[in-house]
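The values are calculated or read from the model by the stated rules, or taken from the named source; none is laboratory data. The model shown is predicted, which means the values in this text are computed figures rather than measured ones. Please note: Cβ atoms are built from the backbone with ideal geometry, for glycine as well, and neighbour counts cover all protein chains shown. Accessible surface areas use protein heavy atoms only, side chains included; no ligands, DNA or RNA. Shrake-Rupley method; radii C 1.70, N 1.55, O 1.52, S 1.80 Å.
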Amino acid sequence: MRPQLTLRLAAAGAAAALSALMALHGQNHHAGSAYEVGLFGDMPYGEYGRAHYPAVLADMNRAPLAFSVFDGDTKNGSEPCYADPHPEDPANPTPDLAVADATHPDVYKFALSQFAKLEAPVVYLPGDNEWTDCDRPSTAGGLVSDSSDRLAYLRKLSYPSDRSLGRHPMSLIRQSAAYPENVRWSKGPVTYIGLNIPGSDNNFADGGKNGPAAEGQAEYTARNAANLEWLRSGFAAARAARSKGVLILIQADMWDPGAVQTHYADTKSELFRQTTAFGGPVVLVNGDSHSYEVTKPLTDYATTNAAGLAGPNVVENFTRVTTFGEAQNHWVSMTVDGNDPNVFAFHQHLIPANAPAYTPPS
């Protein structure tokens with residue numbers, strides 16, 4: 001009997017080894033397989049955007065997307081931040097004048113209803129128009145609301161679990177209960193890092209057009225520290241997973257020459273440190289500027305570059321992609337391919353029905 005037992009054990013061991021080898025082969029094949037990701041944001045803006053938005057969602061649903069990411073701004077900045085009545089923090093300094101009703105529905109619930117139309121999973125990162133800008137005196141009709149209240153409300157509605165949005169959600173890693181919008185996940189050769197970094201100078205309020213200074217600056221200080229930690233831990237996770245590429249997703253255009261950029265300096269410095277240490281392709285996707293472009297804006301801190309010219313060196317393994325938005329209601333797809341040394345490739349998807357009527361020269 002002992003020889004038979006030995007033979008059976010040997011056969012079982014060989015079968016287990018073969019099974020493990022097949023599983024490993026399957027994982028490696030999956031890691032090298034190409035897939036598509038949808039990128040969009042800054043929509044719908046006003047009635048014009050709401051008329052065009054369904055065509056964007058329908059076009060995305062026709063594409064074989066693994067998932068999509070919305071990089072902030074589910075409405076324009078001048079529209080009031082209408083929300084259904086909910087418990088307020090009595091310490092909030094701004095009265096809530098943007099209470100939703102039958103004429104002006106809850107803008108946060110409307111946004112979620114649109115994401116629910118997408119077949120593939122969708123990850124939603126907040127933009128400044130949903131919270132940072134809600135207490136601006138310039139809000140239409142003066143119907144202001146407290147920015148911190150709206151951020152808390154958005155967090156409660158949009159991030160109730162560790163699952164994404166969309167009809168077929170996927171699992172995500174959230175930073176904490178305090179910052180559930182900061183997320184991380186991976187697929188194939190890429191680690192994805194989502195951060196709440198909005199426009200309007202990262203919510204560093206000035207007491208003027210951007211709302212109460214003390215509240216905004218306290219919020220910025222705490223969230224900025226959390227963001228930097230999440231960025232560092234995301235790159236650490238990418239290295240541990242032996243990812244070939246890293247994709248970072250935020251709302252703010254941190255290189256917009258027409259906007260105040262002071263309070264993105266910490267993020268840019270950390271991006272420089274992490275990107276150069278990682279070495280592989282790193283992409284940052286943002287919205288905020290509303291027109292599709294692919295650039296390389298991250299630089300080092302040299303005063304004379306490698307060519308001997310005045311100015312810094314471009315960090316060449318870092319690429320920034322800005323998505324469509326506002327009056328340009330289209331989307332971008334990203335191909336991820338572990339067999340491509342660049343890992344990432346981007347393609348614009350123009351919706352013919354959403355093109356404007358062009359005015360010729362006179």
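Under the criterion of Cα pairs below 8 Å and six or more residues apart, the relative contact order for the chain equals 18 percent. Accessible surface for segment 121-191, divided over its residues, is 35 Å² per residue with a 1.4 Å probe.
Residues of segment 114-153 with an amide N closer than 16 Å to a point placed 7 Å from the Cα of E88 along the Cα-to-Cβ direction: 134-137, 142-153.
Normalised per residue, the accessible area of segment 201-344 is 41 Å², obtained with a 1.4 Å probe and no contribution from ligands, DNA or RNA. For segment 251-334, the Kirkwood radius over C-alpha pairs fed into Stokes-Einstein at 20 °C and 1.002 mPa s yields D = 153 µm² per second.
In this structure Y179 has an accessible area near 40 Å², from a 1.4 Å probe over the protein heavy atoms. Summing charges over neighbours of P54, with a neighbour being any other residue whose Cβ is under 14 Å away from its Cβ, gives +1 when K and R count +1 and D and E count -1.
Charged neighbours of G280, selected by a Cβ distance under 11 Å, balance to +3 (K, R count +1; D, E count -1).
Does a label point 7 Å from the Cα of K109, set along Cα-to-beta-carbon, have any residues of segment 61-81 with amide nitrogen under 16 Å, and which are they? Residues passing the 16 Å test: 81. Here the peptides 289-296, 352-359, 320-327 are ranked by packing, the mean other Cβ count within 10 Å, and the order with the highest first is 320-327, 289-296, 352-359. Between A214 and R167, how high is the FRET efficiency from 1/(1 + (r/R0)^6) when r is the Cβ-Cβ distance and R₀ = 35 Å? Nearest 0.05. Step by step, r from the Cβ atoms, then E = 0.25.
Within the accessible surface of the chain, defined with a 1.4 Å probe on protein heavy atoms only, the carbon and sulfur portion equals 60 percent. Its residue count N fixes a reference of 2.2 N^0.38 Å for segment 198-267, and the Cα radius of gyration divided by that reference is 1.31.
Relative to the current alpha-carbon distance between T335 and R273, full extension at 0.36 nm per residue lengthens the span by 19.7 nm. The spacing between segment 172-225 and segment 266-338, judged by their C-alpha centroids, is 19 Å. Among the DSSP helices (H) of the chain, those spanning at least 27 angstrom by Cα along their long axis with an average Kyte-Doolittle hydropathy of -0.5 or more are 2-32, 213-240; this is a geometric and hydropathy rule only. Listed peptides 99-107, 62-70 appear in the order 62-70, 99-107 once ranked by packing, highest mean of other Cβ atoms within 10 Å at the front. Remark: segment 29-75 carries 33 Å² of accessible area per residue (probe radius 1.4 Å; ligands, DNA and RNA excluded). If R0 is 51 Å, the Cβ-Cβ spacing of H347 and A222 corresponds to a FRET efficiency of close to 0.85.
When each of the peptides 193-200, 137-144 is scored by the mean number of other C-beta atoms lying within 10 Å of its residues, the order from highest to lowest reads 193-200, 137-144.
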